[in-house]
Amino acid sequence: MTKVLITGMGAISPLGADLPGSFAQALAGHCAIGPAPADIAKWLPDILLAPAASEPHTLLDSKHASLDRASQFAMVAAGEAMTTANITPQPADARRFGVFVGIGFGGAHTVDGLYSRFQSAVQSEGKRNPVLMHPLSVPRMMANAAAAAISMRYGLNGPSNTYSVACASSAIAIGEAFRAIRDGYLDAAIVVGCEAMLTPGSLLAWNALRVMAKPHADDLARSCRPFSQDRSGFVLGEGGAAIVLESAARASARQQPALGELCGYGCSSDAAHLTAPSSAEQVYAMQQALDDAGLQPADIQYLNAHGTATETGDVVETESIRTVFGSREHSQLAISSTKSMHGHLIGASGILEFVLAVMAMNSGSLPPTATLEVPDPRCDLDFIPQTARHGCQVDAIMSNSFAFGGSNASLVARRYPQ
Amino acid sequence: MLEEIIKNYLINTKGKDASLFNDPQLQVAALELDSLDMVEMLFEIEDRCGFQLPDPTRYPKMGFREMLADIEAAIREHNNGELPDLRLEGEQ
């Protein structure tokens, strides 16, 4: 089977406007979490958000101004990844080059804007017609809007597929692109995760689910506290991340160096509960990914955990990791939840955390679980508390994404060449 | 104002060359607008006049000035012969 190499990466996140900036802030333990803007805070005064570090439209050509914000994040991240990979539009093998996108909720800004405009017109006492909506509302809000924009921007004629698997969306997109190249259906793919739903409507809905973090008394920015005794839930973030995957033969033919080898993918479904996770199927996803890579648990030195800071989620994930990798006394595995710093990017979280893990592998510097001050005794693994760890030898990494709906995905990457 | 609104959209959003509009014989087809461009352009007017203009597929067969006259006639028909103020809220 074909080896699948990572030849480009990019990100726009709450931590930075590009991937190097995001990774540097993650290593610094910077928490990019803060209060909501006034139009949200007036209804939800305690809600916290992790907005992107930069407005995506300012980083794009003006012709992309009409895209939904999520698609704009996708275009920014894809642009960085394609530039890193030295790939320009209209590649000669365009039909062998696919687009794989993960997004949880397509077009939230467009939908919120649509209802806001409707309500405003209804209350305008006949001055404006509530029926009139922008004719591009549907193309903006459709879930595959980002995939369409990327395939057109780069002239890629391979499949342009969108995966909507809640918090595992972009991890699944990576895994499916990996399989398509490994199994010979494609030679290259741009994989993107994007999410933008820091809108009043979305946040009212998330608030109703009662999974959002409460403001921390000492420091609002440190309110997302995975694996901590005082954790209270997650903080919604926004942004995008991207990777370019290529067969080893394609990368070699154009002498493009690899940032790593994507070598393992596992996925499973709990088939049990909408929101409560199941350890057995998380374990199965991780074991599949290891088997796929031909690696043993001891071959992985760093794991970027799903680590959402929910009461049940962190305990179950700890149990699952312990089952696969062994207890702290019997394992050298270092783990962190970078959601403590960039929040939960839902559809974009899997790929953002994967690229941060690849950066950790290549640099030997592991980002921390920045807010882990008093660990929950049930979360008894090495979760890299508070500060980054430097000078580590990392040959392979794993990234976990476990979604509402019970969908689980694990990815494994290793150094290339080994 | 109608002409300015449409020209501004075509120049600023669709990147059309401003000098195109110096030609009094300019044909709408020469602007190379696809169907999405056309409905988006019309929305710039509809948003201001408060109703949906009928059948956008006929405009590509018209001259640019003929299209402007047709749109103005439709707006007047909707407003008892008057051309209303087309400024959006907040515009001077």
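In region A:117-145, what residues are facing another protein chain (nearest Cβ under 8 Å), in a loop (DSSP other than H, G, I, E, B) and within 17 Å of A:Leu67 (Cα to Cα)?
Correct list: A:His134, A:Pro135, A:Leu136.
Condition first: within 22 Å of B:Leu36 (Cβ to Cβ) and among the β-branched types (Val, Ile, Thr). Can you find one or more residues in region A:118-127 that meet it?
Within region A:118-127, none of the residues are within 22 Å of B:Leu36 (Cβ to Cβ) and among the β-branched types (Val, Ile, Thr).
Out of all the residues in region A:330-348, which are of a type in the set (S, T, N, Q) and buried (at least 20 other Cβ atoms within 10 Å of the Cβ)?
Residues satisfying the conditions are A:Ser336, A:Ser337, A:Thr338, A:Ser340.
I'd like to verify a number: residues in region A:275-312 that are under 19 Å from A:Pro385 (Cβ atoms) and among the hydroxyl-bearing types (Ser, Thr, Tyr), how many?
3
Any residue at all in region A:34-46 that's buried (at least 24 other Cβ atoms within 10 Å of the Cβ) and touching a residue at least 60 places away in the same chain (Cβ under 8 Å)?
Checking region A:34-46: not a single residue is buried (at least 24 other Cβ atoms within 10 Å of the Cβ) and touching a residue at least 60 places away in the same chain (Cβ under 8 Å).
Regarding A:Gly107, is this residue of a type outside the set (A, V, I, L, M, F, W, C), within 17 Å of A:Glu195 (Cα to Cα) and more than 14 Å from every other protein chain (Cβ to nearest Cβ)?
yes
Taking the criterion of being at pLDDT below 95, of a type outside the set (Asp, Glu) and at positive phi, would at least one residue in region A:382-391 satisfy it?
No; the residues of region A:382-391 include none that is at pLDDT below 95, of a type outside the set (Asp, Glu) and at positive phi.
Show the residue pairs meeting these rules: Cβ distance below 6 Å; 6+ apart or different chains; first residue within region B:5-34 and among the hydroxyl-bearing types (Ser, Thr, Tyr); second residue assigned to a helix (DSSP H, G or I) and surrounded by 11 or more Cβ atoms within 10 Å (Cβ to Cβ).
Going by the 6 Å Cβ cut-off, the qualifying pairs are B:Tyr9/B:Met41; B:Tyr9/B:Glu44.
Please go through region A:138-195 and give me each residue that is touching a Pro at 6+ places or on another chain (Cβ under 8 Å) and within 18 Å of A:Val4 (Cα to Cα), ordered by number.
If the condition is that a residue be touching a Pro at 6+ places or on another chain (Cβ under 8 Å) and within 18 Å of A:Val4 (Cα to Cα), then A:Ala180, A:Leu186, A:Ala188 are the ones that fit.
For region A:385-418, give me the residue count where each residue is surrounded by 24 or more Cβ atoms within 10 Å (Cβ to Cβ) and not in a strand (DSSP E or B).
1
Among the residues of region A:26-73, which ones are in a helix (DSSP H, G or I) and either touching a Ser or Thr at 6+ places or on another chain (Cβ under 6 Å) or farther than 19 Å from A:Ala11 by Cβ (or both)?
If the condition is that a residue be in a helix (DSSP H, G or I) and either touching a Ser or Thr at 6+ places or on another chain (Cβ under 6 Å) or farther than 19 Å from A:Ala11 by Cβ (or both), then A:Ala26, A:Leu27, A:Ala38, A:Asp39, A:Ile40, A:Ala41, A:Ser62, A:Lys63 are the ones that fit.
When you check A:Gly113 against the structure, is it more than 16 Å from A:Gly240 (Cβ to Cβ), surrounded by 19 or more Cβ atoms within 10 Å (Cβ to Cβ) and either among the acidic types (Asp, Glu) or over 21 Å from the mean Cα position of the chain (by Cα) (or both), yes or no?
Here the answer is yes, as A:Gly113 does meet what is asked.
For region A:92-110, name all the residues that are assigned to a loop (DSSP other than H, G, I, E, B), buried (at least 19 other Cβ atoms within 10 Å of the Cβ) and of a type outside the set (Phe, Trp, Tyr).
Residues satisfying the conditions are A:Ile103, A:Gly104, A:Gly106, A:Gly107.
Looking only at region A:295-351, how many residues end up being in a loop (DSSP other than H, G, I, E, B) and aliphatic (A, V, I, L, M)?
Matching residues across region A:295-351 total 6.
The values are calculated or read from the model by the stated rules, or taken from the named source; none is laboratory data. Keep in mind that what you see is a predicted model, and the values were worked out from it rather than measured. Every residue, glycine among them, receives a Cβ derived from its backbone with ideal geometry; neighbour counts consider all protein chains shown.
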